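Remarks on the structure that follows.
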Amino acid sequence: MPFTFQQLNENNAVTTADVSLVITPNTPIFAETNWVGGDTATGTLNVENDSGVDVTYYVSADWYAAAGGTVQDARLLAERLEITVTADPGGVDEEELYSGTLAGLIQQPVAGRALATGANEDVEFVLTLPLAAATDLIQDMGIEFDLVFVAVAP
């Protein structure tokens, strides 16, 4: 019988990252009432990457009918409200992530926004009801929405 030899490379291991973001404040940045055409409001959130790995994040709006309203009414309003989302407003890395209707704010920007591990930045939201969009069709309507941040590890 020929000689044989066996050597082990033992205890190999792999752990996966825990991707997460911290958004502050965790209270609403918009609580607007009695809006008319031309009204605008600005709110800012801070997004922090506490994952331990670099991430790419995306922003969406999850909108729904306000109390006493209908989904159809909310849709009409979501298609008329305009929102501009800007990362690092006034900073060196300022970037417009999205500008368009509230209804269209879905996983923006298309390529995502990189955020290094341990880094944080402000994200500014400017919400507007354009004068031309403020018709009788949307009079006395309300909408509620969540601003949703999704992070992925590249």
Residue in the range 45-75 that is farthest from Glu32 (Cα to Cα), counting only those that are surrounded by fewer than 19 Cβ atoms within 10 Å (Cβ to Cβ) and aliphatic (A, V, I, L, M): Val53
Answer from Asp73, Asp122 - the residue that is in a strand (DSSP E or B), touching a residue at least 60 places away in the same chain (Cβ under 8 Å) and among the acidic types (Asp, Glu): Asp122
If you take the residues in the range 1-32 that are at pLDDT 95 or above and among the polar types (S, T, N, Q), which one is nearest to the chain's Cα centre (by Cα)? Thr24
Per-region count, the range 101-134, residues touching an Asp or Glu at 6+ places or on another chain (Cβ under 6 Å) and within 12 Å of Ala78 (Cβ to Cβ): 3
Report, by residue number, each residue of the range 6-51 that is within 19 Å of Asp146 (Cβ to Cβ) and among the small types (Gly, Ala, Ser). Ser20, Ala31, Ala41, Gly43
Need pairs with beta-carbon distance below 9 Å; first residue in contact (Cβ under 8 Å) with a residue 60 or more places away in the chain and of a type outside the set (A, V, I, L, M) and within the range 131-144, second crowded, with 16+ Cβ neighbours inside 10 Å and assigned to a helix (DSSP H, G or I); sequence gap 6+ or separate chains. Gly142/Asp73; Gly142/Ala74; Gly142/Leu77; Glu144/Ala74
Residue under question is Glu94, and the condition is that it be without any contact (Cβ under 8 Å) to a residue 12 or more places away in the chain, among the charged types (D, E, K, R) and in contact with a Ser or Thr (Cβ under 9 Å, 6 or more places away or on another chain); does it hold? yes
Val47 out of contact with any Pro (no Cβ under 6 Å at 6 or more places or on another chain) and closer than 26 Å to Pro154 by Cα: yes
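The values are calculated or read from the model by the stated rules, or taken from the named source; none is laboratory data. The structure displayed is predicted, hence computed values, not measured ones. Reconstructed Cβ throughout: ideal geometry from the backbone, glycine too, with neighbour counts over all protein chains shown.
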